[in-house]
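In what follows, a single structure is set out as structure tokens and then discussed.
Taken together, the values in this text are just the output of simple stated rules run on the coordinates, not laboratory data. Computed from a predicted model, the values in this text were never measured in an experiment. With ideal geometry, Cβ positions are generated from the backbone for all residues, glycine too; neighbour counts draw on all protein chains shown.
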Amino acid sequence: MNNRPFVFDDGLAYEETMVPWLRPVGETFVDWLDPPSGLKWIDVGCGTGVSIELLIQRCAPRAVEGIDPSESQLNIARARPALRDVSLRNGSAMALPHEDDSFDAALMAGVVPAVPDPARCVSEMARVVRSGGIVAAYQWDITNGGFPHEPVLAELKTFGITEPLPPSGAATGVDRLREIWTGAGLRSVETREVLVEREFPTFEAFWNAIMMVTLRPTIAAMSAEAVEQLKDHVRRKVTTRSDGTVVGCGRATAVKGWVA
């Protein structure tokens, strides 16, 4: 059993392995939100700033603030040219350092699984958003095997290795998200799934793209022979076209609701 904690404190590794998967989810999500321009947003768990960049590109916000507990990720966000006028702060999603009714809209991108108490986090978001404002989120559907690297996780179990789930990995299905948002007093709650496919020219390219930061120590601890066996198992599970192209898949869930 692998008992390492689930963390995303390596900003560069997160940018390399997760952002290319999350960006297309975020694009579909922002289009689904279809918010009016001129809003003041807070991005809770803003990470490397990808979701803020999408807001700026597609939603014409009046202002955006970001908060995240990882300085490594915040440093990458601060280096994005599009975020030069964005306030980025180190802090916790569980206790936002803002007054009530400070924002028109709040967003969490990929954060629900990582926080120990999603209900408290969503209540905090609802607290800092004005009446009539929107509170929304998207994340991988870990509950139903939606992580892009799920093929590796499943095959690792045949080697007696179980990767630790994020603290709230069981809170990512649409039914549970609806419960959390409704429980926070949000109204007109809606949910949806977002499917993502990425094509890779070879299996090795696919393998490198799913070696996210939390998997790398596990793979590094395995023998070279075991790693090759694992790769063979995964290779047989994924979709490979006649020209050798490998198709990687992910499934995310999204939720939105309005402050009463």
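With the crude spin-label approximation of a point 7 Å out along Cα→Cβ, what separation in nm comes out for Asp31 versus Ala79? Going from the Asp31 label point to the Ala79 one covers 3.0 nm.
The modelled label-to-label distance between Arg23 and Thr162, using points 7 Å beyond Cα along the C-beta direction, is 3.6 nm.
Model label sites at Ala224 and Glu179, defined 7 Å from Cα along the beta-carbon direction, differ in position by 4.9 nm. From least to most packed, judged by other beta carbons within 10 angstrom and beginning with the fewest, Leu195, Leu156, Leu186 follow the order Leu195, Leu156, Leu186. With R₀ set to 25 Å, the beta-carbon distance separating Ala170 from Lys40 gives a calculated FRET efficiency near 0.15. Percent of Cα pairs in segment 109-260 per distance bin of 10 Å, from zero to the largest separation: 11, 35, 27, 18, 9, 1. When only Cα pairs below 8 angstrom with a gap of at least 6 residues are kept, the chain shows a relative contact order of 23 percent. Of all lysines in the structure, those lying under 29 Å Cα to Cα from Lys157, and not within fewer than 8 positions of it along the same chain, are Lys231, Lys237.
With the chain treated as a Gaussian network of Cα nodes joined by springs under 10 Å, which of Leu55, Leu165, Leu88 yields the largest mean-square fluctuation? The residue that fluctuates most here is Leu165. The gain in end-to-end length when the Val247 to Arg120 segment is fully stretched comes to 42.0 nm, 0.36 nm per residue minus the alpha carbon separation.
Can you tell me what share of the DSSP beta bridges in the chain is antiparallel? A percent to the nearest 5 is fine. Numbers along the way, then the final one.
Numbers: 21 of 40 bridges.
Antiparallel: roughly 50 percent of the beta bridges in the chain.
Taking the mean number of other Cβ atoms within 10 Å as a proxy for protection, how do you rank 22-31, 78-87 from highest to lowest? Present the calculation step by step, with values, prior to reporting the outcome.
Numbers: 22-31: 18.7, 78-87: 13.2.
The peptides rank, most packed first, as 22-31, 78-87.
Using 0.36 nm per residue and subtracting the Cα-Cα separation, the extra length available between Glu16 and Asp100 on full extension is 26.7 nm.
Counting only residues at least eight positions apart within a chain, or on another chain, the lysines with an alpha carbon under 30 Å from that of Lys256 are Lys40.
Grab the other residues whose beta carbon is less than 12 angstrom from that of Val227, score K and R as +1, D and E as -1, and report the net. Spell out each step's value before the answer.
Numbers: positive: Arg216, Lys231; negative: Glu155, Glu225, Glu228, Asp232.
So the surrounding residues net to -2.
Whole-Hz Karplus values for segment 44-58 come out as 8, x, 6, x, 7, x, 5, 5, 5, 4, 5, 4, 5, 6, 10 Hz, taken residue by residue from phi with 6.51 cos²θ - 1.76 cosθ + 1.60 and θ = phi - 60°; glycine and proline positions read x.
Regarding the chain, what is the average projected area of its C-alpha convex hull, in nm²? Display every interim value, and only then the final one.
Values: hull surface 54.2 nm².
Its Cα hull, projected and averaged over all orientations, spans 13.6 nm².
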